[in-house]
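Chemist: If you scroll down you'll find the structure; I have some questions about it.
Computed from the coordinates by the stated procedures, all read-outs in this text should not be read as laboratory data. What you see is a predicted model; the values in this text were computed from it and never measured. Positions of Cβ are backbone-derived with ideal geometry, glycine not excepted, and every protein chain shown enters the neighbour counts.
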Amino acid sequence: MADQSLISARGLVKRFGDFTAVDGIDLEVAPGEAFGFLGPNGAGKSSTMRMIGCVSTPTAGELRILGMDPVRDGTRIRARLGVCPQLDNLDPDLSVRENLTTYARYFGVSRAEARRRADELLEFVQLSDRANGKVEPLSGGMKRRLTIARAMVNEPDLVLLDEPTTGLDPQARHLVWERLFRLKQRGTTLVLTTHYMDEAEQLCDRLVVMDGGKIVAEGSPRALIENYSTAEVVELRFADGLDSNAQYAAKLDGIGERVDPLPDRVLLYADDGDAAVAEVHRRGLSPASVLVRRSTLEDVFLHLTGRTLVD
Amino acid sequence: MTTETTTVRGAGDPRPLRPVVAVVERYLTLYRRLWQASVFSSFILPILFLVSIGIGVGGYVGSIEGVDYLSWIVPGVLVSTAFQICVGESTYPVLGDFKWVRAYHAMRAAPVQPKDIVHGHLLYMIFRVQLSIVAFLLVVVFFGGLHSPWALATLPICALLTAAVVTPVTAFAATIESDSYFALLFRFVVIPATLFSGVFFPVEQLPVAIRPVAYASPVWHAVELSRAATLGRAPSWPIVVHIGYLLLWAVVGLLAARRAFARRLED
Amino acid sequence: MMTTLVAARISVSPGRVGAVINRNVGALRSGPSYWVVLISGFFEPLLYLLSIGVGVGALVGDLTFDGQTMSYAAFVAPAMLAVSAMSGALAETTFNFFFKLKYMKTFEAVLATPVRPFEIAVGELVWAVIRGSLYTAIFLGFMVAMGLTTVAGALAAFPATVLVGLAFGAVGMWVSTLMRGWQDFDLLGTGQFALFLFSGTFSPVQNYPVGVEILIQLTPLYHAVELVRALCTGIVGPGILVNIAYLAVMGVGGLWLASRRVEKMLCL
């Protein structure tokens, strides 16, 4: 089992001085999987990604990438990785196509083959018409797609994506997701970090929830929701909300599986939302607004850490 | 746990020079876009300089050490041009590739090691300086500024100077966080090294207290060697000493640059 | 001086101009090595003076200028001073001004306040000249100490260097509003360097062929060098009135054009 893992970590730790960014995590990523790290900023996702990308040395613990030791075989491992970093680092003075061909050369790809792959990848990320243009005028979404194409230029066994859609507008995000989904369908192994639960749900077969450098839960998005939340969530807002949300929560006690008062609303976790709403009204409460929705990873995270993801 | 090695596919080439060549290629691709602008700064400007100082001021100076002033400052201007290119291309562009463009981080994510980047940059710089020197020599021949076929020796001399200057400056650029430190580098190192290294007048005219500044500067050693070459005479110190001193800078600088790059790209 | 000149036409608030200057002082102070960078600025002209004036001067010996014999250092130092006043002001109003205009969006933020484009232009220019004048004042101190000019000569030359700074600073500011990108600064730098080499800086212009001499007399740095050299050496003729007029026209014209461009770029 462990022999086939592309990534295998045991008790992995990364410290910067006194600060522990990654605090003893275990994980396995199998070929063909789309694996995600979900967590807020500062949870240790990027530090973990940098260790997997062999640009940061683990402080303690064991880490094997593609069956090799990242400290000793870093160069050989990187030859088979594709990396899409959080901050775009495209070459602004090179053309769009040159960004890909130049990068391919770092992997020892021949010039002719680099040109062929560049054209194919530009087609794939829908940037063929910009091939000879400069990088600077590209929109944020186009730049991200170009960075993803660049990560594919060495036909990697494993693609690492650090916050692939952070900072993009909704339309650009969907375009990126759609391309990544196509990669996944081709059987490419994807490892990504995100603090967007919708992104994790869309793309990941399996994910770990990170908080404070530790893994607090692991599983498929569906399994995480089943294990840590209810099928449905009722969001109640009261006109005189704020300070009195805690008092309302007390009055709602016993409805569904759990009641969670937030500053602006009260969450009711129940497998049957409509039944829960009926019970709320039966108790004589009249919230200003009622919303029954499916449970999401946001609820899982809230339950596990007591905090919302984006705060 | 497992010692099984998966078959390496597509990449992981054992030839160690490949990444260095790829880094040089990146610089050449960039240079192809920017060379017109650099022709001005690295070629036209020194010619204007020669006309103004060499001919304008030279009219008053007459002859110095047995040759006309123009011929005397030609090797000085040549070396200081090479020096300026080296410093210019190893300060802002290097810091920029760490900080703003993050091109070095992109290379680092590929199988390019920090030392490959240092070596690639150095090779590109040697190539660039050689181009400028060749063009400069071609023009100066028409001014009658070269007095010996040994003038061709300025090419390897400038290659050595390039290694002696580019590596420590690159190491410095890789260590700092803010570009305002370059202002200090220019003021306290680059300008004194240009003004007091025997480019415009013999170092012997400096007060004894300031002369060690010249002797410590790699520029002076390169100027001495180049002047000996273009005028076809022996340099003031034994050739081995001049060359050895430049080599020392190159080797120490290279080690420092490799260390600085590895540190900056580590975490 | 420049402020009162144009105040009749456009109302300028000294307080708001002061606020623009103050922002620059604050930005400078926040740099990591503020004092070292500021103080080391004094060091640079001294190096040039030692190298060219004293080093090359020893090779040249004395030369005759306008019928008077003087040391090469005494001939070259005033020109270096004029160049220092020019490049000090230009550094601030071209490179830094362009950066603030195009990238930092500083002025867009400033214009959201009651500050007007003309006041920005005046504020930036005054700041550039204050910074440049600090250096020229020190430079003059060195010249007096080295016996390259008299105290009276230095006192007369100082306002002239302020005028040179205003003239080049204003025109530089206007030019930087026309810049398309950083690559244009290469051209500007080349032009500046050519002026530096051929404005009678290192040898009298009378040595050039007549056609070239007339051409040089049309360029701005020539007038700056002539004016500063006349005052430093005490060889003053009616020609300096032409120099002063030339520089004054540059300053007023540049400032007017620059503020119009800023207005067009940011107040649409």
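Chemist: For region A:131-180, build the charge dipole from Cβ charges (+1 Lys, Arg; -1 Asp, Glu) around the Cα centre, then report which of A:THR147, A:GLN171, A:GLY133 sits farthest towards its positive end.
Modeler: It is A:GLY133, whose Cα lies furthest towards the positive end.
Chemist: Go ahead and estimate [θ] at 222 nm for chain B from helices alone: -39,500 (n - 2.57) per DSSP H run with n ≥ 4, summed, over the residue count, rounded to 500. Intermediate results must be reported in sequence, preceding the final value.
Modeler: Values: 13 runs with 178 residues, N = 267.
Computed ellipticity for chain B at 222 nm equals -21500 deg cm²/dmol.
Chemist: Given points 7 Å out from each Cα along the Cα-Cβ axis, report the A:ASP205 to A:ARG258 separation in nanometres with one decimal.
Modeler: 2.8
Chemist: Something else now. Starting with the fewest neighbours, write out B:VAL141, C:VAL56, B:VAL74 ranked by other beta-carbon atoms found within 10 Å of each beta-carbon.
Modeler: Details: B:VAL141 11, C:VAL56 22, B:VAL74 29.
Ordered from fewest to most neighbouring Cβ atoms within 10 Å, B:VAL141, C:VAL56, B:VAL74 come out as B:VAL141, C:VAL56, B:VAL74.
Chemist: Along each of its three principal axes, how wide is the spread of alpha-carbon positions in the protein assembly as shown, in whole angstrom units, largest first?
Modeler: 110, 71, 49
Chemist: Shifting gears a bit: Looking at region A:2-218 only, what percent of DSSP beta bridges run antiparallel? Nearest 5 please.
Modeler: Working: 19 of 37 bridges.
Around 50 percent of the beta bridges assigned by DSSP in region A:2-218 are antiparallel ones.
Chemist: Given A:SER95, A:ASN227, A:ILE255, which one lies farthest toward the positive end of the charge dipole of chain A, if we put +1 on the Cβ of every Lys and Arg and -1 on the Cβ of every Asp and Glu?
Modeler: A:SER95
Chemist: Also: Find which of C:VAL115, B:VAL101, C:THR177 sits farthest along the positive direction of the dipole of the protein assembly as shown, computed with +1 on the beta-carbon of Lys and Arg, -1 on that of Asp and Glu, about the Cα centre.
Modeler: The one lying farthest along the dipole's positive direction is C:THR177.
Chemist: Show me, for region B:63-78, the HN-Hα J-couplings you get by feeding each phi into the Karplus relation (A = 6.51, B = -1.76, C = 1.60, θ = phi - 60°), rounded to Hz, glycine and proline as x.
Modeler: Working through the residues one at a time gives 9, 9, 6, x, 10, 5, 4, 4, 4, 5, 8, 3, x, x, 5, 4 Hz.
Chemist: Evaluate the distance, in nm, between pseudo-label points positioned 7 Å from the Cα of C:PHE185 and of A:LYS251 along their respective Cα→Cβ axes.
Modeler: 6.5
Chemist: Taking a virtual spin label 7 Å from the Cα of B:ARG15 along the C-beta vector, which residues in region A:105-143 bring their backbone nitrogen under 20 Å of it?
Modeler: Answer for this model: A:105-118.
Chemist: Still on this structure, please answer the following. Measuring from label point to label point, each 7 Å out along Cα→Cβ, what is the B:ALA216 to C:ASN22 span in nm?
Modeler: For the pair B:ALA216/C:ASN22, the computed spacing is 4.4 nm.
Chemist: Structure shown: which of A:LYS14/A:LYS214; A:LYS184/A:LYS214; A:LYS134/B:LYS99; A:LYS134/C:LYS100 lie over 22 Å apart, alpha-carbon to alpha-carbon? If you can, show how the numbers build up before the last one.
Modeler: Details: A:LYS14/A:LYS214 11 Å; A:LYS184/A:LYS214 27 Å; A:LYS134/B:LYS99 20 Å; A:LYS134/C:LYS100 24 Å.
With Cα atoms farther than 22 Å apart: A:LYS184/A:LYS214; A:LYS134/C:LYS100.
Chemist: Which of the peptides A:143-152, B:238-247 is most tightly packed, and how do the rest follow, going by the mean number of other Cβ atoms within 10 Å of each residue?
Modeler: Top of the packing list down: A:143-152, B:238-247.
Chemist: Between region C:69-127 and region A:17-49, how far is it from one alpha carbon centroid to the other, in angstrom?
Modeler: Centre-to-centre (Cα) distance: 50 Å.
Chemist: Also, I was wondering about something else. Counting partner chain Cβ atoms within 10 Å of every residue's Cβ in A:86-95, what's the average? Display every interim value, and only then the final one.
Modeler: Details: counts 0, 2, 3, 11, 4, 8, 4, 8, 5, 2.
Per-residue shielding by partner chains comes out at 5.
Chemist: Give me B:THR167, A:THR230 sorted ascending by neighbouring Cβ count inside 10 Å, so fewest comes first. Working shown, then result.
Modeler: On the way: B:THR167 27, A:THR230 22.
Ascending number of Cβ neighbours within 10 Å: A:THR230, B:THR167.
Chemist: Mind checking the dipole of region A:230-294: about its Cα centre, +1 per Lys or Arg Cβ, -1 per Asp or Glu Cβ, Debye to the nearest 20? Could the numbers behind the result be given before it?
Modeler: Values: 8 positive and 12 negative charges, 24 e Å.
Value, rounded to 20: 120 debye.
Chemist: Set the Förster distance to 41 Å, then compute FRET efficiency between A:VAL71 and B:LEU28 from the Cβ-Cβ distance, nearest 0.05.
Modeler: According to the calculation, E is roughly 0.80.
Chemist: Find, to one decimal place in angstroms, the Kirkwood hydrodynamic radius of region A:230-294, where the mean of 1/r is taken over every pair of different Cα atoms and then inverted.
Modeler: 11.3
Chemist: C:GLU213 label point, 7 Å along Cα→Cβ, cut-off 14 Å on backbone N: hits in region C:56-87?
Modeler: Correct set: C:65-67.
Chemist: Per DSSP helix of 4 or more residues, -39500 (n - 2.57); summed, then divided by the residues of chain A. What does that give at 222 nm, rounded to the nearest 500? Present the calculation step by step, with values, prior to reporting the outcome.
Modeler: Details: 11 runs with 108 residues, N = 311.
That comes out to -10000 deg cm²/dmol.
Chemist: Something else now. Quote the charge dipole size of region A:2-218 about the Cα centre in Debye, to the nearest 20; the model charges only the Cβ of Lys and Arg (+1) and of Asp and Glu (-1). Don't skip to the end; give the middle numbers.
Modeler: Numbers: 29 positive and 31 negative charges, 130 e Å.
Charge dipole of region A:2-218: 620 debye, to the nearest 20.
Chemist: While we're on this one: At 222 nm, what value in deg cm²/dmol follows for chain C if DSSP H runs of at least 4 each add -39500 (n - 2.57) and the sum is divided by all its residues, to the nearest 500?
Modeler: -23500 deg cm²/dmol
Chemist: Here is a further query. For a quick check of your reading of the filter: which chymotrypsin sites (Phe, Trp or Tyr not before Pro) in region B:44-116 sit in a DSSP loop and have no more than 14 other Cβ atoms within 10 Å? Intermediate results must be reported in sequence, preceding the final value.
Modeler: Numbers: sites: B:PHE49, B:TYR60, B:TYR69, B:TRP72, B:PHE83, B:PHE98, B:TRP100, B:TYR104; in loops: B:TRP100.
For chymotrypsin sites (Phe, Trp or Tyr not before Pro) across region B:44-116 that sit outside H, G, I, E and B with at most 14 neighbouring Cβ atoms in 10 Å, the list reads B:TRP100.
Chemist: A further question on this structure: Assuming R0 = 51 Å, can you tell me the calculated FRET efficiency for the pair C:LEU178 and B:VAL251, based on Cβ-Cβ distance, to the nearest 0.05?
Modeler: Details: r = 48 Å, r/R0 = 0.94.
Efficiency for this residue pair is about 0.60.
Chemist: Still on this structure, please answer the following. Evaluate the Debye formula for chain A with equal point scatterers sitting on the alpha carbons, no solvent, and hand back log10 of I(q)/I(0) at q = 0.13 Å⁻¹, in q order, two decimals.
Modeler: Cα-only, vacuum Debye calculation for chain A: -0.95.
Chemist: List every residue whose amide H lies under 5 Å from the amide H of B:ILE64, counting only residues 5 or more places away in sequence or on a different chain, with H placed 1.01 Å from N in the peptide plane.
Modeler: B:TYR69
Chemist: Could you give P(r) for region C:116-262, binned at 10 Å from zero, as whole percent values over all Cα-Cα pairs?
Modeler: Computed distribution, short to long bins: 11, 35, 37, 15, 2.
Chemist: Charges only on Cβ, +1 for Lys and Arg, -1 for Asp and Glu: so what's the dipole of region C:122-268 about the Cα centre, in debye to the nearest 20?
Modeler: Value, rounded to 20: 220 debye.
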